[in-house]
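Structure first, then comments.
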Amino acid sequence: MSITVVLFWFLTALALLSAIMVLLSKNPVHSVLWLIVVFFAISGHYILLNAQFLAIVNLIVYAGAIMVLFLFVIMLMNLNAETEPQKNTWLKLAGAISGGSLLLILVSVIRSATDMTGRTAQVGEGNIGLISNLGKALFSEYVVPFEISSVLFLSAMVGAVVIGKKD
Amino acid sequence: MTDFFILMKQELIIMVIIFILLAIKIGRYRSNEWLLDMVNLLLLVNFAAGFFFNKEGMLFNDMFRTTSLIVLEKNILSLGILIISLQSYSWLKNHKHVLEFYILLLSTLLGMFFMISSGNLLMFYLGLELSTIPLAAAANFDLQKKKSSEAAMKLIISSAFSSGLLLFGISLIYGTTGTLTFTGITTHITHDPLQLFAFILLLAGFAFKISVVPFHLWTADVYEGSPVAVTSYLSVISKGAVLFVFVSVLYTVFKPISDSWYNMLFLLSVLTIIIGNLFAIRQTNIKRFLAFSSIAQVGFILVGITGTSQLGTTSVIYFVLIYLFSNLAAFGVVSLVSAATGKEDINDYKNFYQTNPVLSWVLAIGLFSLAGVPPTAGFFGKFFLLMSGAGQGNYFLITIAALNMVISFYYYLRIVKAIFMDANDHPIEKLAIPGFPKIALYMCVAGIVLTGLVSYLYDHIHSLTQVADTVPFIGK
């Protein structure tokens, strides 16, 4: 078994385990910390796929900025294990059934997908994810969406300022 | 280069208007009256400019395409935003953030334009986001009201959730077909289970935006809490824009799996019509009532979409135009009453006719048209939708839709009865109608009457859809 395969399985197990822990932990702060582990594991996957830029951005934006925001909010709202709302059993059962059927469908659908049989991820090769190639694609082929997103940010900023104003 | 300016004319105008507004905001203080006059003038220019120098073609590697049909759809949306802007005059006159409101609305309009013109799932998604995120901020524009903030919160969370579903669907489609362009997807899409699953996710995303029944739960709360201007914008413009894209995506991109989506739409439309109607009967708040009525209307539109492509597209665009006039007539009156008295309960409208005969007639005509009473345009709109649906030979669906049309008469006419016949010791006092809202209301009434009677409009749309079926996808 080569080192990438070992790494792949390790990261996969880590991601799944910590994702489950996000749901299971009673304390919201612990959930957030487990979520950070998930993001780290996924960033590891990106690096295995040779997508370095995506990996770094995932770390900086998600694991860094957004998770800190989450922690702030949770601490400001003073949530902890005691204030965790208790859901009734029927609701849990309904959630388990619908989530379980979604999982079932996803698994069977992916197994029967004709495009995917016999294919594996291209690990450690391909240079689509490198920064220079990404930059070139962003400013040539995808320049229109890139420019339009600036309007989105402008309007988001205007909206946030208006909502934030007291008067 | 001239191609670029002519093809993207409508988008460029909107962008220029946004920048003009930003410049005015930075400049010296102006009174609200001056600002509103200015903005309405700009919107009028924007609407008028849509009729000149139109050309068909594509730009940026098929990221952006335009046809006469797309130009017409954009013109309908421009007309809608102009009417809404005129109607919300009395509300905005005393608001502190007039320019910000218009910047937000215009950026959503820009998003819708790009969404309608998109030839690529990435552009489509970006346009959709641009047309929903600023709206959540606009829903919060009654800054003192808690309900308004609640509406904004519910809107942003539900639209984020639906965007999540949509993105998951898009990523699965990209994964299985290897392309994001509409033309590429059409050639690669099959009845493969994974692609069908991706399509269902995509459909769910669409259904959220146009509030089709299992995904409608956000609608009533958001409509009730938002300022009336935003409510009417949500119910007419943003729904209309998504419907335009929905129709073209279904008929062209997912044409190879049309037998699958026919069954899905069949189920969704039956559910939407019935549940929208049943809940509309029970409402006491007029905005919630109009929310459920708009859900039921979308159900009828889905019936039209189940038809064959050309008739379906024509009848949907025609109906959206009529729906725009009739819903905005109703919302215009509600907006005036709400801005002057703050009353939004159906019981408050009892004996409205005694004090405000003109507004009563406008509201009544709007409601008649929504219900589909024959001389108004609403009847012709629904007639063509059902005719398009009947083209598939599924008479069960048509029967259910027709029966529900009868049920809908009950709740629309209940309000008409409250306005004209019910006794009330304290009816809403006589309201002064400022000039702009008056023009807007007359435009709506004229639209309701004329769109139905002038058959040229329907024929015109019909001739455009014939072209639209073939032209934009010849390119590759």
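In whole angstrom, how long is each semi-axis of the equivalent ellipsoid of the range B:30-81, when you take the square root of 5 times every eigenvalue of its Cα gyration tensor and sort them from largest down? Before the final figure, lay out the partial values.
On the way: eigenvalues 168, 27, 16 Å².
For the range B:30-81, the ellipsoid semi-axes come out as 29, 12, 9 Å.
Quick one: Karplus J couplings for the range B:261-271, per residue in order, coefficients 6.51, -1.76, 1.60, θ = phi - 60°, nearest Hz, x for Gly and Pro?
For the range B:261-271, the Karplus curve yields 6, 4, 5, 4, 5, 4, 4, 4, 5, 4, 4 Hz.
Report the FRET efficiency, 1/(1 + (r/R0)^6), for B:Asp459 and B:Asn347, where r is their Cβ-Cβ distance and R0 is 41 Å, rounded to 0.05. Write down the numbers at each step before the final one.
Numbers: r = 44 Å, r/R0 = 1.07.
That pair, B:Asp459 with B:Asn347, gives E of 0.40.
Apply the a/c threshold of 1.5 to the C-alpha gyration tensor of the range A:1-82 and tell me whether it is rounded, prolate or oblate. Write out the running numbers ahead of the final one.
Details: a/c = 5.54, a/b = 1.70, b/c = 3.25.
Taking the square roots of the gyration eigenvalues as a ≥ b ≥ c, the range A:1-82 is oblate.
Consider all pairwise Cα distances in chain A and report the whole-number % of them above 25 Å.
Values: 7914 of 13861 pairs.
Cα-Cα pairs in chain A separated by more than 25 Å: 57 percent.
How many times 2.2 N^0.38 Å is the alpha carbon radius of gyration of the range B:372-476? Please report the intermediate quantities before stating the final value.
Values: Rg = 19.8 Å, N = 105, 2.2 N^0.38 = 12.9 Å.
Cα-based Rg divided by the globular estimate yields 1.53.
Over what distance in Å are the Cα centres of the range B:126-173 and the range B:393-447 separated?
Cα centres, the range B:126-173 to the range B:393-447: 29 Å.
Can you tell me how the range B:226-286 classifies by the Cα gyration tensor, rounded, prolate or oblate, using a/c under 1.5 as the rounded cut?
Because a/c hits 1.5 or more and a/b fails to exceed b/c, the range B:226-286 counts as oblate.
Got a sec to turn the phi values of the range A:89-95 into Karplus ³J(HN,Hα) couplings, 6.51 cos²θ - 1.76 cosθ + 1.60 with θ = phi - 60°, whole Hz, x for Gly and Pro?
5, 5, 5, 4, 4, 4, x
Residues in the range B:302-341 near a label at B:Val449, defined as backbone nitrogen under 20 Å from the 7 Å Cα→Cβ point?
Label zone hits: B:321-333.
Quick one: among A:Gly135, A:Gly99, A:Gly64, which has the greatest mean-square fluctuation in a GNM of chain A with alpha-carbon springs under 10 angstrom?
Sorting by GNM fluctuation, first place goes to A:Gly99.
Each residue of the range B:193-208 in order: what ³J(HN,Hα) in whole Hz does its phi give by Karplus 6.51 cos²θ - 1.76 cosθ + 1.60, θ = phi - 60°, with x for Gly and Pro?
Result, rounded to whole Hz: x, 5, 5, 5, 4, 4, 5, 4, 4, 4, 4, 4, x, 4, 4, 4.
Obtain the nm distance between the two label points defined at B:Ala432 and B:Ala160 by a simple spin-label model: each point lies 7 Å from its Cα along the Cα-to-C-beta direction.
Simple spin-label model gives 4.4 nm for this pair.
With +1 on each Lys and Arg Cβ and -1 on each Asp and Glu Cβ, how big is the dipole of the range B:169-312 about its Cα centre, in debye rounded to the nearest 20? All intermediate terms of the calculation are to be shown ahead of the outcome.
Values: 6 positive and 4 negative charges, 60 e Å.
Magnitude of the dipole: close to 280 debye.
A:Leu24 label point, 7 Å along Cα→Cβ, cut-off 20 Å on backbone N: hits in the range A:30-72?
It comes to A:30-42, nothing else.
GNM, chain A, Cα, under 10 Å: largest mean-square fluctuation among A:Phe53, A:Phe146, A:Phe72?
Judging by the Gaussian network model, the answer is A:Phe146.
Could you please state, rounded to a whole Å, how far the C-alpha centre of the range A:14-89 is from the C-alpha centre of the range B:293-348?
43 Å
Just want to confirm a number: the relative contact order over chain B, from Cα pairs under 8 angstrom separated by 6+ residues, in percent.
Values: 725 pairs, mean separation 75.7, N = 476.
It rounds to 16 percent for chain B.
Give the range of the longest stretch in chain A that excludes all trypsin sites (Lys or Arg not before Pro) found in loop regions by DSSP and having at most 11 other beta-carbon atoms within 10 Å.
Values: sites that count: A:Lys26, A:Lys87, A:Arg119, A:Lys165, A:Lys166.
For trypsin sites (Lys or Arg not before Pro) (loop position, at most 11 other Cβ atoms within 10 Å), the longest site-free span of chain A is A:27-86.
Using DSSP to define loop residues, name the chymotrypsin sites (Phe, Trp or Tyr not before Pro) in the range B:34-63 whose beta-carbon has at most 16 other beta-carbon atoms within 10 Å. Could you put the intermediate results ahead of the total?
Details: sites: B:Trp34, B:Phe47, B:Phe51, B:Phe52, B:Phe53, B:Phe60; in loops: B:Phe51, B:Phe52, B:Phe53, B:Phe60.
Answer by residue number: B:Phe51, B:Phe52, B:Phe53.
Can you compute the FRET efficiency between A:Phe146 and A:Ser98 using 1/(1 + (r/R0)^6), with r the Cβ-Cβ distance and R0 = 30 Å? Round to the nearest 0.05. Please report the intermediate quantities before stating the final value.
Details: r = 38 Å, r/R0 = 1.26.
So, using R0 = 30 Å, E works out to roughly 0.20.
If each of B:Asn61 and B:Thr284 carries a label point 7 Å out from its Cα toward its Cβ, how far apart are those two points in nm?
5.8 nm
Efficiency by 1/(1 + (r/R0)^6): what FRET value for B:Asn394 and B:Phe53, r their Cβ-Cβ distance, R0 = 56 Å, to the nearest 0.05?
Working: r = 43 Å, r/R0 = 0.76.
Once rounded, the FRET efficiency stands at 0.85.
In whole percent, what relative contact order does chain A give with Cα contacts below 8 Å and a gap of six or more residues? Before the final figure, lay out the partial values.
Numbers: 103 pairs, mean separation 38.1, N = 167.
Relative contact order for chain A comes out at 23 percent.
Between A:Met75 and A:Gln52, what is the spin-label point distance in nm, taking each point 7 Å from the Cα along the Cα→C-beta axis?
Result: 3.4 nm between the two label points.
Compute, for chain A, the length of the dipole vector about the Cα centre, with Cβ point charges of +1 (Lys, Arg) and -1 (Asp, Glu) only. Units Debye, rounded to 20.
280 debye
Just need the relative contact order of the range B:35-169 here, percent rounded to a whole number, with Cα pairs under 8 Å and 6+ apart. Before the final figure, lay out each step's value.
Details: 127 pairs, mean separation 26.8, N = 135.
So the answer I get is 20 percent.
Since every read-out is calculated from the coordinates, none of them should be taken as a lab result. Just so you know, these numbers come straight off a predicted model, no measurement behind them. Don't worry about glycine lacking a Cβ; one is built from the backbone with ideal geometry, like all the others, and counts go over all protein chains shown.
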